[in-house]
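The values are calculated or read from the model by the stated rules, or taken from the named source; none is laboratory data. Just so we're clear, the structure is a prediction, and the values are computed from it rather than from any experiment. Cβ coordinates were reconstructed from backbone atoms using ideal geometry, including for glycine residues, and neighbour counts include every protein chain displayed. All accessible areas refer to the heavy atoms of the entire protein, side chains included, with ligands and DNA or RNA removed. Shrake-Rupley method; radii C 1.70, N 1.55, O 1.52, S 1.80 Å.
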Amino acid sequence: MIRSKITTDILQKSGLISTEVGYTELYINDKYMGFYVVSDAIKSKWIERKFGDNRKDLRTLFQCKKDEIRFDDGTIKTKCINANDDFPDYMEPLNTFVDQVNAARSREDLEKIMDVDNFIKYMAWEYLMGTWDHFLGPYGHNLYWYQQPNGKWVYIPYDHDIELGQDLWESIYSTRVSTNRDVDFSNLTFKQFEFDHPIIKILIHNDDTKFRILLGDIVSKVFNPDTIILHIDEVKNFIAPYVKKDRNESAGFINKIGKTTRYTYQHFLDNCEYSYIFDWVQGFRGYGVKEWIRRKYNFVASYYGINTSSSSPDKKHKLIEPRPNPVVLPYETDSRHISTDLYGVVYVDLDIKLQNYTPDRNYADNSVPVLGVNQYNLERQSLPQTTTKTKKTTTTMATTTTKLITTTTTKPTTTTTTKSTTNTITTTTTTTTINPPIPITENCSPKWGQCGGIGHNGPTCCESGSKCTKYNDYYSQCV
């Protein structure tokens, strides 16, 4: 319940685009059916809200939901689908992107086709969350790839229920670590955590300077015990009464179909804190939410050089420069079953205990995120407004008729004189126009890049092998 909300809030405070997550109670015919997490569906309307892309025939959003999806083995081509149901067979843009990623040999190669720093910041977020359910993990799914109007691709993860140390198993990482003991997954290095993706080697392993900076930005803004632990308490206290009602009424079934769970209200309260819970019957286990965050924070602070003790808000939770040598905390541990409750759920304790910590309520990094944010949106929103004043003159012909009476000694005479009077009315109309986004392109557009349309200020030619095709007055693409 709480993991989906906390991880999404971390994304948003870091300046990364994400789905919205909230909660609702469900009633059917006045019958209580339970307390649920609700989230956005990533479709064309969501893309329009987040990226300003209002193309009605959006065809460059691709969903990757199946398991074990990667670039290097080509499974992304066969397991991902076009998110627009009207174009299920339109996969050429994604297939070309995959080929370009696999052909890339440097950061510069990848910068031509994707928002690199934005992608790296998402990878830093995945590492901090300990998620194995997105790009870095063995399943490589629950994500979208979207080609923006400027031709650059961006990464969008979704479905954030298995995060923050949830369901991490030694068997998943048997090729990454070697030990006969238990594993404290919060102490895995980034290289141990990710599954040898060539794109990650190019962008991070060859030189992790940018990764360190972007990870440090997430830590400073939100992934630190002074900020996020207080927020966990806020969310927990808000939803606790609803969780209690749901568990007390054994909700979660619609038409008698649902998942039987032994997860109780007390388990919810304990797992929000520092209790590692293991249900060996149903096969789930998870660090306490606060426990994972503090353990992971301690590791990245030691490894990447983050100031944990300064009283100055300008230094606390910030990267130490020059960068100190990394200190690697051990991942080998011995877990100990400290108790088993009436439901057969086991409470687990690790051999290295955390010290008590009271969050500093005076600490906050509320600076506007700039590092690693979506560049297309940044450029689109930062363009100046153009104000045009138009002087409009309206001329109205008014006809006035005046009767003049002239008196003589013989007989009265009536003379009618018509005067034409011109009245000029001047009005000023002010029109404010937001300049359309200006794609950053050089020379001719690459295949699947934009090459024309109203407001397009980039190249109107295409690289060899493709031609500029008009879809509507606002968009032409190299195909």
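Observations, loosely collected:
- Some residue of segment 135-145 being touching a Gly at 6+ places or on another chain (Cβ under 9 Å), over 22 Å from Leu215 (Cα atoms), open to solvent by 10 Å² or more (accessible area, probe 1.4 Å) and assigned to a loop (DSSP other than H, G, I, E, B): no
- Conditions (1) of a type outside the set (Asp, Glu); (2) surrounded by fewer than 22 Cβ atoms within 10 Å (Cβ to Cβ); (3) closer than 28 Å to Gly344 by Cβ: number failed by Asn271: (2)
- Residues satisfying the stated conditions in segment 218-234, i.e. open to solvent by 20 Å² or more (accessible area, probe 1.4 Å) and in contact (Cβ under 8 Å) with a residue 12 or more places away in the chain: Thr227, Leu230, His231
- Some residue of segment 335-353 being in a loop (DSSP other than H, G, I, E, B), open to solvent by 40 Å² or more (accessible area, probe 1.4 Å), in contact with a Phe, Trp or Tyr (Cβ under 7 Å, 6 or more places away or on another chain) and at pLDDT below 95: no
- Among the conditions (1) open to solvent by less than 50 Å² (accessible area, probe 1.4 Å); (2) more than 18 Å from Asp161 (Cα to Cα), Asp279 misses just one, which is (2).
- Selection count where residues are under 14 Å from Pro198 (Cβ atoms), part of a loop (DSSP other than H, G, I, E, B) and among the small types (Gly, Ala, Ser), scope segment 81-111: 2
- Counted residues, segment 201-217 - those being open to solvent by less than 30 Å² (accessible area, probe 1.4 Å) and among the aliphatic types (A, V, I, L, M): 4
- Scope segment 313-331; condition farther than 14 Å from Asn224 by Cβ and not charged (D, E, K, R); matching residues: Ile320, Pro322, Pro324, Asn325, Pro326, Val327, Val328, Leu329, Pro330, Tyr331
- Of the residues in segment 32-47, none is under 23 Å from Glu194 (Cα atoms) and either out of contact with any Gly (no Cβ under 9 Å at 6 or more places or on another chain) or at pLDDT below 95 (or both).
- Residues that are open to solvent by 10 Å² or more (accessible area, probe 1.4 Å) and in contact with a helix residue (DSSP H, G or I) (Cβ under 9 Å, 6 or more places away or on another chain) were ranked within segment 185-198; the one that is farthest from Trp153 (Cα to Cα) is Asn187.
- Evaluation of Lys77 against (1) closer than 30 Å to Tyr297 by Cα; (2) at pLDDT 95 or above (one fails), failing number: (1)
- Only one entry in Trp132, Trp125 is open to solvent by less than 40 Å² (accessible area, probe 1.4 Å) and at pLDDT 95 or above, namely Trp125.
- Positions within segment 293-314 being closer than 18 Å to Lys210 by Cα and either in a helix (DSSP H, G or I) or among the acidic types (Asp, Glu) (or both), in sequence order: Val300, Ala301, Ser302, Tyr303, Tyr304
- Scope segment 278-333; condition modelled with pLDDT of 95 or more and of a type in the set (D, E, K, R); matching residues: Lys290, Glu291, Arg294, Arg295, Lys296, Lys315, Lys316, Lys318, Glu321, Arg323
- Exclusive hit being under 30 Å from Val368 (Cα atoms) and free of Cβ contacts under 8 Å to residues at least 60 places away in the same chain, set Trp145, Trp132: Trp132
- Scanning segment 58-80 for residues that are open to solvent by less than 60 Å² (accessible area, probe 1.4 Å), farther than 29 Å from Gly22 by Cα and part of a loop (DSSP other than H, G, I, E, B) yields a count of 3.
- Considering Asp167, Asp161, Asp115, the condition of being closer than 26 Å to Asp53 by Cα, acidic (Asp, Glu) and touching a residue at least 40 places away in the same chain (Cβ under 8 Å) is satisfied by Asp115 alone.
- Test: residue in segment 363-374 that is in a helix (DSSP H, G or I), within 31 Å of the chain's Cα centre (by Cα) and either of a type in the set (S, T, N, Q) or at pLDDT below 95 (or both): no
- Among the residues of segment 306-342, the one identified as in contact (Cβ under 8 Å) with a residue 60 or more places away in the chain and small (Gly, Ala, Ser) is Ser335.
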